[in-house]
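The values are calculated or read from the model by the stated rules, or taken from the named source; none is laboratory data. Model, not experiment: these values are computed from the prediction. Because the Cβ atoms are built from the backbone with ideal geometry, glycine has one as well, and the counts that use them run over all protein chains shown. With ligands, DNA and RNA removed, areas are computed over all heavy atoms of the protein, side chains included. Shrake-Rupley method; radii C 1.70, N 1.55, O 1.52, S 1.80 Å.
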Amino acid sequence: MIRMDYLAIVALTAVTFGCAGVQHPVEPDVVEVTLPVSADRVKAAVTKVLADDDYCCVDWKDGSQLHTGYRGEQPSIWDWLVRGRFGVVRSQAEASVTAETDQRSRLRLQVSSEGKQTMFDSWGPTTPQVPQSAQNKLRLIKNELKIVQTTYTTETFYGAKQ
């Protein structure tokens, strides 16, 4: 009788904790937008923003495709402790720019992040941190291009059209 109780407890524990480790796939952070500037200006802004953020190998392939290396982190004498004890996240970016007209271009920006908890874990996909997110990169690119979005309507201020 005790053996059956013991097996039931072990089976219940295995099912409970075994199901708790299910991981859901993490999709890369993607943003697609049409910008009211030429493709050359967009490429220059993307290059500057990613290079300023310390992404490695910011080189355009085929004139419209960009795939960076992993983003460099700020070096510190405590890196061994941070990576070994607290884990680390690394990210890389991909961009494509296509010209729609002389003064309009389409930008697709994708940021993929990988992380691990300790130095003994393997890298796994994770959600990008806010400073490395595609939305934040798009904001920085628009700032570089001096694109200001001011599309206010009366609904914005009064709640209904008048």
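Report yes if some residue within the stretch 26-47 is out of contact with any strand residue (DSSP E or B) (no Cβ under 9 Å at 6 or more places or on another chain), open to solvent by 60 Å² or more (accessible area, probe 1.4 Å) and modelled with pLDDT under 90; otherwise report no.
no
Which pairs have Cβ atoms under 9 Å, sit 6 or more apart or on different chains, and link a residue in the stretch 116-128 that is among the basic types (Lys, Arg) to one that is exposed (fewer than 11 other Cβ atoms within 10 Å of the Cβ)?
Lys116/Ser122
With the condition kept exactly as written, say whether any residue in the stretch 67-79 is farther than 22 Å from Pro131 by Cα and either modelled with pLDDT of 90 or more or not in a helix (DSSP H, G or I) (or both).
yes
Name, by its number, the condition in (1) open to solvent by 40 Å² or more (accessible area, probe 1.4 Å); (2) touching a helix residue (DSSP H, G or I) at 6+ places or on another chain (Cβ under 8 Å); (3) within 21 Å of Ser113 (Cβ to Cβ); (4) not aromatic (Phe, Trp, Tyr) that does not hold for His67.
That leaves (2) as the condition not met.
Give the residue that is surrounded by the most Cβ atoms within 10 Å (Cβ to Cβ), with candidates limited to residues of the stretch 121-149 that are in a helix (DSSP H, G or I) and among the charged types (D, E, K, R).
Of everything passing the filter in the stretch 121-149, Lys137 is surrounded by the most Cβ atoms within 10 Å (Cβ to Cβ).
Looking at the stretch 39-65 only, could you name the residues that are of a type outside the set (Gly, Ala, Ser) and part of a helix (DSSP H, G or I)? Give the steps one after another, and end with the answer.
Of the residues in the stretch 39-65, the ones of a type outside the set (Gly, Ala, Ser) are 40-43, 46-50, 52-62, 65.
If the condition is that a residue be of a type outside the set (Gly, Ala, Ser) and part of a helix (DSSP H, G or I), then Asp40, Arg41, Val42, Lys43, Val46, Thr47, Lys48, Val49, Leu50, Asp52 are the ones that fit.
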